[in-house]
Amino acid sequence: MDAEKDLVAERFREIFGDGNLREAPAFTQIADYYDLLMSDVPYTAWIAYVEDVLSRLDPGFRCSRVLELASGTGTLSLEFARRGHSVLGVDLSRRMVEVARRKAKEEGLDDRAFFYCADMADFDPSPYGPFDLVICLFDSLNYITEPDRFQRLFFNVRTAVRKGGYFIFDLNSEYSLSHHLFDLNNLWKKRAPLYYYWKSTYDSVSRLCRIDMWFAYRTDKGFYRFKELHWQRSYSIDEVRKMCEKAGWDWVRIYEAYTFRKPEPTSERWYFVLRNP
């Protein structure tokens, strides 16, 4: 283990030097390289899982209009659009939205996939609805670190979902954040086009997790290095349930992510299924 740590430390110095880089806000510098970072993420499997959840819980459910919160560079939204859905993607990062719009135009999907820059916690989607399905995946809601703003989101989203429509989202559990499952790196790779090194610190009182993220993009002239600071907050299942019910949602089901099992104490991520009654 010590030898492995020494190797990682050596590789970090080779790629990032002393690591003393200016901290940028989350999802700003990484926007242009986000698709490269996420190239191994199984987006189609995520959609298949959401579809399986809905088919099990509501076999007659029909979906044509989708709202994706924290849509990033639009990869998931565009996959829904390819399948014939009309999609609105909302993201706080203006640069992410610009990338998503460009991708939609390049694929000829800009008449079916639309992207809007807004803070999902404050965004009122009702003028754009009604939607059959709202999704927010890949622990994006953990980035809402103020409980009152988290509560507000459930009220806002419900105004835009048709009766019988669904809101499906995931959250990282406290177990995940407190056990440093954000401590990730790919420094072991020989010639990665994008290197990353992430280090997390969790505070059990505030329930906030600080994640320092270093990135190094390979260019012809060497590495372009930058750093982002990310914050996530853990919420208990009971807290989330009370917020959802307060906003008028029907609490349908909660699963351990990518399964149909009930959450366990060591579950790293949960999937929540809400229905507008």
Being within 17 Å of Asp91 (Cα to Cα), touching a residue at least 40 places away in the same chain (Cβ under 8 Å), open to solvent by 10 Å² or more (accessible area, probe 1.4 Å) and in a helix (DSSP H, G or I) is the filter here; which residues of the stretch 128-161 pass it?
Tyr128, Ser140, Tyr143
Can you pull out every residue in the stretch 104-125 that is of a type outside the set (Phe, Trp, Tyr), open to solvent by less than 50 Å² (accessible area, probe 1.4 Å) and under 23 Å from Val50 (Cα atoms)?
Ala104, Leu109, Ala113, Met120, Ala121, Pro125
Condition broken by Pro42, with the remaining ones in (1) out of contact with any strand residue (DSSP E or B) (no Cβ under 8 Å at 6 or more places or on another chain); (2) surrounded by 13 or more Cβ atoms within 10 Å (Cβ to Cβ) satisfied:
(2)
Among the residues of the stretch 195-206, is any under 15 Å from Glu14 (Cβ atoms), modelled with pLDDT of 95 or more and either of a type in the set (D, E, K, R) or loosely packed, with under 13 Cβ neighbours inside 10 Å (or both)?
no
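Could you list, in sequence order, the residues of the stretch 246-277 that are without any contact (Cβ under 8 Å) to a residue 60 or more places away in the chain and either open to solvent by 90 Å² or more (accessible area, probe 1.4 Å) or assigned to a strand (DSSP E or B) (or both)? Before you say what the answer is, go through the steps one by one.
Of the stretch 246-277, the ones without any contact (Cβ under 8 Å) to a residue 60 or more places away in the chain are 250-251, 254, 256, 259, 261-262, 264.
Selection gives Asp250, Trp251, Ile254, Glu256, Arg261, Lys262, Glu264.
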Among residues belonging to the stretch 207-240 that are free of Cβ contacts under 8 Å to residues at least 12 places away in the same chain, of a type outside the set (Val, Ile, Thr) and farther than 16 Å from Tyr34 by Cβ, point out the one that is most open to solvent (accessible area, probe 1.4 Å).
Lys221
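Of the residues Glu4, Glu51, which single one is among the charged types (D, E, K, R) and either open to solvent by less than 30 Å² (accessible area, probe 1.4 Å) or within 25 Å of the chain's Cα centre (by Cα) (or both)?
On the way: Glu4 fails: either open to solvent by less than 30 Å² (accessible area, probe 1.4 Å) or within 25 Å of the chain's Cα centre (by Cα) (or both).
That would be Glu51, the only listed residue that is among the charged types (D, E, K, R) and either open to solvent by less than 30 Å² (accessible area, probe 1.4 Å) or within 25 Å of the chain's Cα centre (by Cα) (or both).
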Could you check the stretch 99-121 and list, in sequence order, the residues that are touching a residue at least 24 places away in the same chain (Cβ under 8 Å) and not aliphatic (A, V, I, L, M)?
Arg101, Lys103, Glu107, Arg112, Phe114, Phe115, Tyr116, Cys117, Asp119
Residue pairs within 8 Å by beta carbon, gap of at least six or interchain, first lying in the stretch 182-206 and touching a residue at least 12 places away in the same chain (Cβ under 8 Å) and closer than 19 Å to Leu21 by Cα, second open to solvent by 80 Å² or more (accessible area, probe 1.4 Å) and assigned to a strand (DSSP E or B), listed first then second, are Asp183/Lys199
One residue is enough: does the stretch 211-225 have a residue meeting the conditions assigned to a strand (DSSP E or B), at pLDDT 95 or above and more than 16 Å from Ile30 (Cα to Cα)?
no
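How about the stretch 106-142: which of its residues are within 15 Å of Tyr166 (Cα to Cα) and within 15 Å of the chain's Cα centre (by Cα)?
Val134, Ile135, Cys136, Leu137
The values are calculated or read from the model by the stated rules, or taken from the named source; none is laboratory data. All values derive from a computational prediction rather than experimental measurement. Note that we place each Cβ from the backbone using ideal geometry, even for glycine, and neighbour counts take in every protein chain shown. Remember, those area values only see protein heavy atoms, side chains included, never the ligands or the DNA or RNA. Shrake-Rupley method; radii C 1.70, N 1.55, O 1.52, S 1.80 Å.
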